[in-house]
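Contents: one structure, followed by commentary.
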Amino acid sequence: MATSELKDVTGFILREFSYKETSKIIEVFTDKVGRISIMARGVYRKNSGLLSLTGRFMKVNLSLYKMKGDFYGIRDGYLVESYKKSAKNFDIILYKSAMCDFLLKTIDTNQKDTVFKLLDTSFRALEDADYGYLNIFLGFLIKYISFSGLKPNFSTCGICGRIIDKATGYFSIREASLICEEHKKDAGDVIYLTRDDLLYFMKLLYTKSDELSELSPSPDYEKVARLIIDYCLISLDIKKFSSMDWVYKRLSERN
């Protein structure tokens, strides 16, 4: 969307980094145009009122003007939500970092409305929850990839099409599907899922973001979590990145 002005744009700050002595560059996912890059000039000067609008994870409303290249500048704006509670929680900061870095590598502008709503409800769910943060994070990932046209198939074998009894199952990342017993060797690497694993996986996909914290994870939730993360990264051809590596490490620490 090429325009000289963007007024009343609401967005989430995915990334921030200093530029020269007094300025900052921020990457923002907005409701109207998807991801944009903003040059926040002079925010570190004493008389600037913009520094409070450029912090990572914040939800802000901005009026912007077009600069040279792909950058926008800030005319004015206001803070919509700072998420004060979750800003002090290590787990939430970790999961938000991985979510934002994931979006920076995968954004599909055709899905901007859906992705914005998903990010909005997920951030709000993390702020309101007292536990179950991993559920919200995993739900975000599997919902995002489903919106991208890569929804996993839990109904039929991805190779032969046979209806599968969901008492247990084998999941193939390559086939994006459950695989029947007969064809599990044809699907490459498959991961065995118990009934509890399958139910947990499906509930993460179909439960609303604000209800995810209440889900009871399967006994082997680490296996399901790693499967979902691997499925998302492999399906979208994304290499592992540092914040997601920290999520993997955190999963191991919990057991």
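The values are calculated or read from the model by the stated rules, or taken from the named source; none is laboratory data. Fair warning: this is a prediction, and the values are worked out from it, not measured in the lab. Don't worry about glycine lacking a Cβ; one is built from the backbone with ideal geometry, like all the others, and counts go over all protein chains shown. All accessible areas refer to the heavy atoms of the entire protein, side chains included, with ligands and DNA or RNA removed. Shrake-Rupley method; radii C 1.70, N 1.55, O 1.52, S 1.80 Å.
Descriptive notes on the structure:
- Residue pairs, from the table K66/K105; K185/K240; K151/K185; K7/K208; K84/K239, whose Cα atoms sit over 25 Å apart: K185/K240; K7/K208; K84/K239
- Given charges at Cβ of Lys, Arg, Asp, Glu: the chain dipole, positive-most of S213, V190, A176: S213
- Helix 112-128 and the long axis of the chain differ in direction by around 90°, with both axes built from C-alpha atoms.
- Rounded percent of accessible protein surface that carbon and sulfur make up, the stretch 101-214, 1.4 Å probe: 46 percent
- With R₀ set to 22 Å, the beta-carbon distance separating D130 from L251 gives a calculated FRET efficiency near 0.65.
- The stretch 56-95 - accessible surface per residue (Å², probe 1.4 Å): 55 Å²
- Loop-resident trypsin sites (Lys or Arg not before Pro) (DSSP state other than H, G, I, E or B) in the stretch 177-255 with no more than 13 further Cβ atoms inside 10 Å of their Cβ: K208, K239, K240.
- Largest to smallest in accessible area, the residues M99, M39 fall in the order M39, M99 (1.4 Å probe, all protein chains included).
- C-alpha long axis of helix 133-145 to longest principal axis of the chain, angle in °: 90 degrees
- Working note: 222 nm ellipticity from helices only, DSSP H runs with n ≥ 4, each -39,500 (n - 2.57), summed and divided by the residues of the chain, gives -11000 deg cm²/dmol to the nearest 500.
- Taking Cα atoms only, the orientation of helix 221-235 departs from the longest principal axis of the chain by about 70 degrees.
- Rel. contact order, % - alpha carbon contacts under 8 angstrom, at least six apart, the chain: 14 percent
- Matching label, Kirkwood radius over Cα pairs in Å computed from the structure shown, candidates (i) 19.6; (ii) 18.0; (iii) 20.8: (i)
- The charge dipole of the chain, taken about the Cα centre with unit charges on the Cβ atoms of Lys, Arg (+1) and Asp, Glu (-1), comes to about 980 debye, rounded to the nearest 20.
- Nonpolar atom fraction for the stretch 1-65, defined as the carbon and sulfur part of the 1.4 Å probe accessible area, stands at 47 percent.
- Amide H contacts of K7 (H built 1.01 Å from N, in plane; Pro and chain starts excluded): L64 sit under 5 Å, all sequence-distant by 5 or more or on other chains.
- Working from Cα pairs under 8 Å separated by at least six residues, relative contact order for the stretch 5-82 is 31 percent.
- Derived scalar couplings ³J(HN,Hα) [the stretch 22-32; Karplus, 6.51 cos²θ - 1.76 cosθ + 1.60; whole Hz; x for Gly, Pro]: 10, 10, 8, 10, 10, 9, 10, 9, 10, 6, 9
- The trypsin sites (Lys or Arg not before Pro) found in the stretch 82-159 that occupy coil by DSSP, while having at most 15 further C-beta atoms within 10 Å, are K84, K85.
- Magnitude of the charge dipole for the stretch 5-82, about its Cα centre and with charges confined to Cβ atoms of Lys, Arg (+1) and Asp, Glu (-1), is about 240 debye.
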